[in-house]
Amino acid sequence: MSGELLVRVTPDPLDPSEAVAFVGDPRSGGICVFLGTVRDHSEAGDVTGLRYEAWNEMAEKRLEEIAAEMFKTWSLSKVALLHRTGDLAIGEVSVVVACSAPHRSGAFEACRHGIERLKEDVPIWKRELLTSGESQWVMGS
């Protein structure tokens with residue numbers, strides 16, 4: 001973690017207030033936060049939870065690279081990219097993307113970019129646990 005970047009892949013519960021506090025900056029007029037949560041259904045049916053697995057070292061490296069893209073493209077003050085691994089229940093936070101910027105447009109655009117790139121390119125895999133007792137791996141979006 002540097003002064004402007006917080007990256008973490010962890011089995012521990014994510015606290016969105018940690019990310020908000022981290023990206024808070026007196027130079028910024030806006031903070032944008034995206035929280036990904038576990039929902040109770042998918043195209044495959046009703047879901048009881050999710051299991052996330054990651055190649056932690058490479059995942060954190062890719063998150064740092066995505067943050068570098070965000071800093072290069074938008075005038076950002078700080079960025080936090082956090083992802084959970086392990087078994088998560090319905091409603092739990094699986095991912096947090098937060099950034100602060102002098103103006104809201106940069107914060108919104110960078111936050112959207114962060115989550116989209118994370119879903120495309122970070123080696124974190126999601127397995128849906130279905131009420132039928134079956135489970136299935138879900139490809140990134």
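Taking 63, 81, 35 in turn, the Gaussian network model of the chain (Cα-Cα springs below 10 Å) assigns the largest fluctuation to 35. Hey, what angle do you get for helix 104-121 against the long axis of the chain, alpha-carbon based, 0 to 90 degrees rounded to 10? The two axes meet at around 40 degrees. This model, with +1 at the C-beta of Lys and Arg and -1 at the C-beta of Asp and Glu, gives the chain a dipole about its Cα centre of some 420 debye. Relative to the longest principal axis of the Cα atoms of the chain, the long axis of helix 56-73 makes an angle of roughly 40 degrees. Excluding same-chain neighbours fewer than eight residues apart, the lysines reachable from residue 126 by a Cα-Cα span under 22 Å are 61.
Cysteines of the chain lacking any other cysteine Cβ under 4.7 Å from their own Cβ: 99.
Each reported figure results from applying straightforward, stated rules to the coordinates on display, with no laboratory input. Just so you know, these numbers come straight off a predicted model, no measurement behind them. As a convention, Cβ positions derive from the backbone with ideal geometry for all residues, glycine included, and neighbour counts pool all protein chains shown.
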